[in-house]
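Read-outs: derived from the displayed coordinates by stated rules, not from any lab. Remember, predicted model here, so these are calculated numbers, not experimental data. Quick reminder, even Gly has a Cβ in these numbers, built from the backbone with ideal geometry, and neighbours come from all protein chains shown.
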Amino acid sequence: MKNLTSKNISFALALLFLLTLMLPVTASATGPRVTKALFGVDKTEIHVLDFPPFLSNEVADGGPFSEIVNQALQEAGIDAVISTHPVQRIVRYYLLQENALAVMGWHLNFSSKAKEGLIFLPVAVMVEKFYYYKPFFLNGLNWNGKLTSLKGKTYAANKGEDVAAYKAAGITVKYARTVGLLKMIAAGKADFTAIPALTADWLIAKYMSAEKANFAVMDRPAGDNVFYMIFNKQHPQGEASAAAFKTALRAMVNDGRYAQIMEKHLGNGETLKLYMGNVKERLAQ
């Protein structure tokens, strides 16, 4: 009986070793990645930075952007899955170095030359708010619609964000990942930052809930920011996939399915009016 058991154990170990050797190459790809297609041979990947609550493995069904994009991909006949990554440079790497079909994101800030090879399709328009830390501004902090009213202050920016207007207004700029922006202003290393309100609420609740009452929002919105699906013209199916995806996404917006998915994840129409811009207008451009 002991010999039989030993043979079984040896066989199991040998089988495990063989399976390890047979794993797809993508399992050991350069750089960390979280992907649904890790062991899928025929799946194309759409790479994106983790962006809760809009698109993340930490929210139901991957969030509204994930559900909308997956449905549009299916209707466009594009066999692809969304792969989320922890840092933006990995998303850029897959697009520019590994010739990925597409990526999704915001604040990616490609060069003019890189943009010539890309097709930008808006997935959603997000309303951003300016946040500051109340203990450092007991009398409040607001702007009058012109960034020059915040001259001399320090702005916490997402890596890749276009900050030319802030610098031109005499505002110092420091960079961090999104949750780091909130931590930066809480530590007094920056005075204010711009984040979509639903993202700020989610991050504060998860990482800084004890300090929730100390965060304040300026009266005037910071502006709109677009979350894009970015197709790669250099990919053999890039341009055709972009055209098919745009047609499918427009159909979802026009027949109400887009709004239904948004309401499922983010709440009723009033919430959407406060925090989401008009993607239909952007798709028409």
How large is ³J(HN,Hα) for each residue in region 131-148, as worked out from phi by the Karplus curve 6.51 cos²θ - 1.76 cosθ + 1.60 (θ = phi - 60°), to whole Hz, x for Gly and Pro? 10, 9, 9, 4, x, 8, 9, 5, 9, x, 9, 9, 10, 9, x, 10, 4, 4
Using a Cα-Cα cut-off of under 18 Å, which lysines could be cross-linked to Lys264, ignoring same-chain neighbours fewer than 8 residues away? Lys273
Cα-centred dipole magnitude for region 64-174, charges only on beta-carbon of K, R (+1) and D, E (-1), debye, nearest 20: 860 debye
In whole Hz, what ³J(HN,Hα) sequence does region 239-248 give by Karplus (6.51, -1.76, 1.60; θ = phi - 60°), x for Gly and Pro? 6, 5, 5, 4, 5, 5, 5, 4, 4, 5
Amide H neighbours of Lys129 under 5 Å, counting only residues 5+ apart in sequence or on other chains, H built in-plane at 1.01 Å? Ile195, Ala197, Ala222
Calc'd 3J(HN,Hα), region 196-213, phi into Karplus 6.51 cos²θ - 1.76 cosθ + 1.60 (θ = phi - 60°), Hz, glycine/Pro = x, comes to x, 4, 5, 5, 4, 4, 5, 5, 5, 5, 7, 10, 9, 4, 5, 10, 3, 5
Which cross-chain or sequence-distant (5 or more) residues have an amide H under 5 Å from the amide H of Lys153, H modelled 1.01 Å from N in plane? Thr172
Express in whole angstrom the spacing between the alpha-carbon centres of region 110-155 and region 158-211. 9 Å
Built amide H within the under 5 Å cut-off of Val81, gap 5+: Thr44, Glu45, Ile46
